[in-house]
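The values are calculated or read from the model by the stated rules, or taken from the named source; none is laboratory data. Please read these numbers as outputs of a predicted model, since none were measured by experiment. Reconstructed Cβ throughout: ideal geometry from the backbone, glycine too, with neighbour counts over all protein chains shown. Note: accessible area is taken over every heavy atom of the protein model, side chains too, but ligands, DNA and RNA are not part of it. Shrake-Rupley method; radii C 1.70, N 1.55, O 1.52, S 1.80 Å.
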Amino acid sequence: MSVQPADGSAESYGRRPATPLLRILVMAEYILLYLVSFVLLAIGIGVLIHTVVIIARNRSTWTEAFISVIEALLLILIITEIFLTVLAHLEGHRLQLEPFILVGIIALVRHILSIVVRLAIPETPEERRDQLLELSINAGAAFLLVAALALARRSQRWGND
C-alpha cells in the first residue's frame, strides 16, 4: 500500500515516507508492481504468439478457429487491462474499480463463448440443460457487471460535478 497525500496527484505521490521501515515497504511494493508488469507483458505476448501458432497449425473448421481466436484475443485484452491498471498505479493514480469490472465482463464473455461452442456439439439432454443453465447464469452475471460499470461511471461523473 503506497503512502499517498490527500490530493493524490502524481507529483506529490513520489514523496518519501517518514520512517525507514515504511520506505522499505514502499520500495518493495514498487519492485513487486514492476515485476508483475513485466510478467503480465510477457504472458500477453506469449498468448498472442501461441494463438498465431495454433491457428497456423489448426486443421479444425473455420468456425472453431474463429471462436478460438476471439477467445484468445479476449484473454489478451484481460491481461492488457490488468497491465494498464498496474501501470496507472505505478504512475501514482489510485486503483480504479472500472478496469476490474471490465475484466470480469470480458472473462464472462469468454466463458459464454466456450459454452456456445459446447452447445453446438450434440450431447445428452441433461448436459445441454446444465450448459443452458450455466449460460443463463453467466449472462445474468454479465448484466450485473455491466450495471455495476454504468453505476461506477455515473458515480465518477457525480464526483466531478
Candidates HIS111, HIS89, HIS93, filtered to the one that is open to solvent by 80 Å² or more (accessible area, probe 1.4 Å) and not aromatic (Phe, Trp, Tyr): HIS93
Evaluation of ASN138 against (1) in contact (Cβ under 8 Å) with a residue 40 or more places away in the chain; (2) open to solvent by less than 40 Å² (accessible area, probe 1.4 Å) (one fails), failing number: (1)
